[in-house]
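The values are calculated or read from the model by the stated rules, or taken from the named source; none is laboratory data. Since the structure is predicted, the reported quantities are computational estimates derived from the model, not experimental observations. Counting neighbours? That spans all protein chains shown, and the Cβs are built from the backbone with ideal geometry, glycine included.
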Amino acid sequence: MSIRILALALLLWAQTGSAAEPSLGEIPGYAFGSKALKTAPYTLQDLELLKKTVLFTEEDAKWLRKSKAILEPQAEQILDTWYGFVGATPHLLYYFNDKSGTPDSQYLGRVRLRFIQWIYDTAGANYDQQWLDYQYEIARRHHRVGKNRTDGATGPNQIPVRYVLGLVYPVTATLKPFLAKGEHTAEEVDAMHQAWTKTVLMQAILWSHPYTRKGDF
Ligand code: HEM
């Protein structure tokens, strides 16, 4: 392990908070349900057609809700895994840098808390207008129209859409061992994993909107 990777591992480890779920008011920058958010440029009807496109059914929503109790107590370890991957992948870690080109620990720490909350929101599978509007906000936060603003970060101002879509695989593949730690059969674990894969794909597609030309989404 190089000194750089070791230093980074220590930095990421230091970001780890307590295992307890933070209350919403304690999550810096988390704005789900805020009236200040823009209305999503896609509708709930568009979402229904997208669900049909990725074969997401009510059954998947049920499996997501079941997965919540399994994932909740493991949220910190899941984040360690995801941040571990990003931290060990220099061309991705780059987007967490500050303007001097070094990883911004405050930025990493604040985003980490919102990422944990995203696990709970995703497992909640409550696809209403508030959820849709927050998808658009997350989309904007990866794109130059919104990146860095929430946390006063100073580094690169946009994540390329190819990486946003590409991260669907590592995020969902690495979740399976965590799902398997519950009291469920292999078939049930697979059903939860499939549901997670479909919803993360669907969200990454919704997050691609700001990157598309008007009328192309
Ligand atoms: C499937 C793909 C991805 C998922 C599920 C994901 C998930 C998230 C979530 C949940 C947040 C916090 C949202 C909030 O503010 O409430 C976030 C923010 C962020 N993500 Fe991603 N992300 C993905 C792709 C990527 C990629 C490829 C990168 C590149 C390293 C990245 C870097 C970031 C950064 C820097 C932020 C903070 C943005 C800001 O507000 O300034 N993400 N992501």
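Values for this structure:
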quantity	calculated
Leading residue by the ranking (surrounded by the most Cβ atoms within 10 Å (Cβ to Cβ)) among those in the range 49-83 that are under 19 Å from THR197 (Cβ atoms) and acidic (Asp, Glu)	ASP60
Leading residue by the ranking (farthest from the ligand (Cβ to nearest atom)) among those in the range 84-101 that are closer than 11 Å to THR154 by Cα and surrounded by 14 or more Cβ atoms within 10 Å (Cβ to Cβ)	ASP98
Unique match (being touching a His at 6+ places or on another chain (Cβ under 8 Å) and within 20 Å of HIS142 (Cα to Cα)) among TYR107, TYR42	TYR42
Matching residues, the range 136-153, being closer than 16 Å to PHE115 by Cβ and more than 9 Å from the ligand (Cβ to nearest atom)	ALA139
Qualifying residue in the range 179-188 (condition: within 12 Å of the ligand (Cβ to nearest atom) and of a type in the set (Val, Ile, Thr))	no
So LEU132, is it under 16 Å from the mean Cα position of the chain (by Cα), at pLDDT 95 or above, more than 8 Å from the ligand (Cβ to nearest atom) and over 23 Å from TYR42 (Cβ atoms)	no
Single match in GLY166, GLY146, GLY155 (criterion: in contact with a strand residue (DSSP E or B) (Cβ under 7 Å, 6 or more places away or on another chain) and at pLDDT 95 or above)	GLY155
In the range 26-46, the residues that are within 14 Å of the ligand (Cβ to nearest atom) and outside any loop (DSSP other than H, G, I, E, B)	GLU26
Residue check, ASP121 touching an Asp or Glu at 6+ places or on another chain (Cβ under 7 Å) and modelled with pLDDT of 95 or more	no
Helices (runs of 4 or more DSSP H) lying entirely in the range 86-179 (those with 3 or more residues that are under 22 Å from LYS51 (Cβ atoms))	105-124, 129-142, 161-166, 168-173
